[in-house]
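A quick write-up on the structure given underneath.
Just so it is clear, none of the values below were taken in a lab; they were calculated from the coordinates. All values reported here derive from a predicted model rather than from experimental measurement. Note that we place each Cβ from the backbone using ideal geometry, even for glycine, and neighbour counts take in every protein chain shown.
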There are 2 protein chains.
Amino acid sequence: MPEFLTLLPPQESLDKLLRNIPDPKLATETIDTISAIGRVIATDLLAPHALPEFPRSTVDGFAVKAADTYGASDSLPAYLNLIGECPMGATPDLVIKPTTTAIIHTGGMLPEGADAVVMLEYTQQTVDDEMEILRAVADGENVINIGEDVAEGALIKPKGSVIRPAEVGGLMALGFTQVEVAVRPKVGIISSGDEVIHPAERPQPGQVRDINSYTLASLVEKTGGEAVRYGIVADKMDAMLVAIAKALAECEMVLITAGSSASARDMTAAAIDQLGEPGVLVHGVNTRPGKPTILGVCDGKAVIGLPGNPVSALVNGYVFVVPLVRRLLGQSVEMVQPSVRAKLTVNIPSQAGREDWIPIKLTETAEKSYLAKPIFGKSNLIFTLVGADGLLKIAPDATGLSAGEMVEVLLV
Amino acid sequence: MPEFLTLLPPQESLDKLLRNIPDPKLATETIDTISAIGRVIATDLLAPHALPEFPRSTVDGFAVKAADTYGASDSLPAYLNLIGECPMGATPDLVIKPTTTAIIHTGGMLPEGADAVVMLEYTQQTVDDEMEILRAVADGENVINIGEDVAEGALIKPKGSVIRPAEVGGLMALGFTQVEVAVRPKVGIISSGDEVIHPAERPQPGQVRDINSYTLASLVEKTGGEAVRYGIVADKMDAMLVAIAKALAECEMVLITAGSSASARDMTAAAIDQLGEPGVLVHGVNTRPGKPTILGVCDGKAVIGLPGNPVSALVNGYVFVVPLVRRLLGQSVEMVQPSVRAKLTVNIPSQAGREDWIPIKLTETAEKSYLAKPIFGKSNLIFTLVGADGLLKIAPDATGLSAGEMVEVLLV
């Protein structure tokens with residue numbers, strides 16, 4: 001097995017691949033902000049104006065000059081002249097002069113002359129046009145000042161950020177009903193193997209349905225890319241070359257799940273070497289599952305040969321494909337990974353020097369903490385992943401984990 | 001402020017609401033599995049056949065009768081007669097009898113008579129039709145047996161499960177190219193407030209753009225629902241009644257972000273009481289932000305009045321709207337929440353008895369752990385959430401958290 005003589009650690013493998021890909025030229029498109037959830041902002045977004053643009057009350061109460069309330073208390077109220085009510089959604093047509101006040105509602109614009117608001121519950125009406133103020137307020141109290149939410153010209157979100165519900169709100173608040181986002185990068189997916197058939201067909205003895213085209217396509221789409229499936233290609237060099245060349249021409253990145261045999265993997269590697277420079281960079285990764293993974297670059301585009309075993313293909317999709325799609329989207333490769341902290345239920349042995357990925361089933365305890373139960377199984381068994389809530393990484397420098405240890409389970 | 005005399009804790013509030021909604025009659029639709037990522041499975045899925053349906057090799061090597069290899073070693077090999085090669089994707093037309101063997105590739109179907117596979121690297125060819133076997137294998141070694149991935153008739157995924165890439169693979173492996181999923185429940189969203197204008201308009205002094213319709217719509221869509229926006233309704237009882245009644249008729253659930261003033265909130269509550277039984281269930285929740293939240297049910301449909309402040313509206317969307325949408329989808333209300341464990345950078349005070357939600361900015365340290373930095377700010381400031389990576393919950397029984405404590409930050 002000369003191909004596996006020099007297994008690289010996963011992180012080093014990924015770094016090598018990333019170093020050999022030029023910075024992507026980001027294609028962008030402008031879309032409606034309301035449809036932009038999950039998309040990636042393509043340009044640094046600056047605030048076109050301050051928010052708010054006028055001082056607003058944060059409570060229901062009375063607009064005042066703070067100085068008029070100093071020393072006010074239940075036993076010694078300040079007395080102010082009620083001169084009117086501030087309208088919602090318009091400039092108040094009244095001016096707060098010393099010893100006067102006006103009704104103001106939450107969100108209302110502060111009238112000229114006022115610099116604070118006294119909450120309704122700390123006031124009392126004595127006669128029609130006189131208010132007792134029972135608490136002192138400081139200058140600016142219960143008020144949002146101009147630009148307190150965001151200042152004019154401030155960077156509101158850097159390019160590469162994912163749009164979540166909060167960003168949709170921030171964009172709308174500033175009038176960005178449209179937003180420029182990264183075009184979803186096309187990722188070509190080729191499945192191969194003479195035993196592999198389309199899922200709609202009924203397998204004959206010896207045949208299996210294609211799984212990897214679909215798990216990888218789903219992963220690509222979930223990550224923000226556009227999956228282009230090229231179907232099942234025969235385990236023959238000429239058919240492989242034609243399929244990969246077509247995918248390379250049409251996509252930003254290509255995934256091949258080779259037939260699982262050594263000869264099929266060698267063919268994938270040979271095809272990558274033939275189709276562009278520098279060709280194969282990593283042939284064999286020190287990870288389980290996923291040792292036969294091949295990482296290559298053909299004239300600036302990443303080509304990844306994933307093992308045919310469905311668990312290996314999907315787990316290594318999380319490890320290698322997700323960061324590459326993020327890079328093509330202009331995102332940071334190292335993003336916060338959603339995870340759950342849980343207590344391991346059993347010992348897990350692991351070979352030193354190798355990175356292991358273990359499917360984990362989480363169960364919640366009565367104390368609202370989680371137990372992590374490993375699902376052991378061969379890397380051909382897709383249902384080990386179907387039954388799992390997440391994946392546990394055992395770092396190369398560990399020789400295993402002990403029952404009772406707290407571990408971080410990556411949610412997938 | 002009589003309305004807030006009886007503040008309920010958030011969890012109790014949610015439970016009360018859920019108890020008052022009948023189990024939803026799940027509407028389902030059948031869609032292509034490849035487009036089903038993120039959708040919710042509507043029926044228990046059973047395996048129509050075993051997987052695999054025939055024993056397969058997990059390695060490249062030689063199909064054998066295990067008994068023929070017992071005691072074999074480098075110094076004392078077993079000698080077997082090579083009778084051929086198993087094809088990929090078809091039934092081998094050869095039979096392994098005692099002292100015979102055949103070449104087999106990873107994923108290939110085991111020939112009749114064989115019960116184990118010896119890995120290629122533990123074999124050596126002596127003459128054309130003779131193989132040296134250098135290691136013993138046990139019965140079933142390097143073989144996946146019939147039904148080892150999943151047994152015929154087994155529950156492969158219960159209804160209410162979300163479809164991830166792994167499920168897409170599992171479904172395809174069993175020939176489910178289509179899948180029955182829950183129809184995305186319609187959630188009506190009404191914004192109100194005389195100061196609120198459409199985001200495409202330029203605010204005049206005193207006016208603000210509508211944020212809540214869009215953050216809540218995004219949250220609903222992200223959770224798997226279909227948001228139906230009913231625009232901005234005037235702060236007038238008759239307009240409110242008409243809008244809520246229309247939304248109730250057309251949707252499974254209705255959200256109203258009231259104008260932020262007390263009178264506007266009272267109007268929302270009065271409208272809910274008028275439009276169906278039992279009406280308002282919770283008026284005021286012991287949480288910050290979000291105290292003025294109103295939870296009600298009109299003839300079986302949840303109606304939630306959220307505060308007008310954009311941070312309150314979105315945070316309480318995560319607390320109350322997400323579980324309700326999940327329930328309408330037939331999901332478990334209590335799902336695993338993606339979170340990140342991080343070290344708090346500063347003390348956070350909190351009032352005992354009240355649940356606090358604090359926006360958190362995460363930064364990664366050189367040691368690959370996370371620091372959690374609170375973003376303090378008034379609940380009107382949407383950019384406190386735009387700048388945050390997640391939310392930190394301070395439970396009602398805590399009086400605060402200390403700098404240096406490890407906390408779970410919910411990713412939003």
Radius of gyration and maximum dimension Dmax of chain A, Cα, Å: 30.7, 96
For B:Arg202, B:Arg209, order by how many other beta-carbon atoms lie within 10 Å, fewest first: B:Arg202, B:Arg209
Surface/4 estimate of mean projected area, convex hull on alpha-carbon atoms of the protein assembly as shown, nm²: 36.8 nm²
DSSP beta bridge pairing in the protein assembly as shown, given as percent antiparallel to the nearest 5: 65 percent
Cβ nearest the rotation axis (A onto B), residue from chain A and distance to the nearest whole Å: A:Pro338, 2
Percentage relative contact order, the stretch B:56-144, counting C-alpha pairs under 8 Å, at least six apart: 43 percent
Compactness of the stretch B:175-245 - radius of gyration and Dmax, Cα, Å: 16.3, 61
Normalised alpha carbon radius of gyration of the stretch A:48-185 [divisor 2.2 N^0.38 Å]: 1.33
Likely footprinting exposure, A:Tyr70, B:Tyr122, fewest C-beta neighbours within 10 Å first: A:Tyr70, B:Tyr122
Greater than 30 Å apart at Cα, pairs in A:Lys378/B:Lys343; A:Lys16/A:Lys343; A:Lys157/B:Lys222; A:Lys393/B:Lys222; A:Lys65/B:Lys373; B:Lys246/B:Lys291: A:Lys378/B:Lys343; A:Lys16/A:Lys343; A:Lys65/B:Lys373
Positive dipole terminus of the stretch B:339-411, leading residue within B:Asn380, B:Leu362, B:Leu391 (C-beta point charges): B:Asn380
Relative counts (whole %) of C-alpha pair distances in the stretch B:339-411, using bins that are 5 Å wide: 4, 18, 28, 26, 17, 6, 2, 0
Largest to smallest principal axis extent of the C-alpha atoms in the stretch B:180-313, angstrom: 49, 31, 30
Cut-off 9 Å between beta-carbons: net charge of the residues surrounding B:Ser312, Lys and Arg +1, Asp and Glu -1: +2
Under 13 Å from B:Lys361, Cα to Cα: aspartates and glutamates that are on another chain or at least 8 residues apart: B:Asp389, B:Glu408
Cut-off 11 Å between beta-carbons: net charge of the residues surrounding B:Asp194, Lys and Arg +1, Asp and Glu -1: -1
Shape box of the stretch B:14-102 [Cα atoms, principal axes, largest first, Å]: 75, 29, 19
Residue order, fewest to most beta carbons within 10 Å, for B:Phe62, B:Phe320: B:Phe320, B:Phe62
Shielding score for B:382-393, defined as the mean number of other chain Cβ atoms within 10 Å: 5
Positive-pole candidate from B:Ile156, B:Thr123, B:Ala138, dipole of the stretch B:61-161, charges at beta carbon: B:Ile156
Rg in Å to one decimal, and Dmax rounded to a whole Å, for the stretch A:292-345 via C-alpha atoms: 13.9, 47
Inter-copy separations for A:Leu155, label at 7 Å along Cα-Cβ, nm, ascending: 5.1
Exam field: B:Val242 pseudo-label spacings to other copies (7 Å along Cα-Cβ), nanometres: 6.5
For A:27-39, mean number of other protein chain Cβ atoms within 10 Å: 2
Stokes-Einstein D in µm²/s, Kirkwood radius over Cα pairs - the stretch A:142-184 at 4 °C with 1.567 mPa s viscosity: 108 µm²/s
Among A:123-135, B:31-43, the order from most to least packed when residues are scored by Cβ within 10 Å on average: B:31-43, A:123-135
Stokes-Einstein D for the stretch A:106-176, Kirkwood Rh over Cα pairs, 20 °C, 1.002 mPa s (µm²/s): 137 µm²/s
Helix-only [θ]222 nm of chain B, DSSP H runs n ≥ 4, -39500 (n - 2.57) each, per residue, nearest 500: -5500 deg cm²/dmol
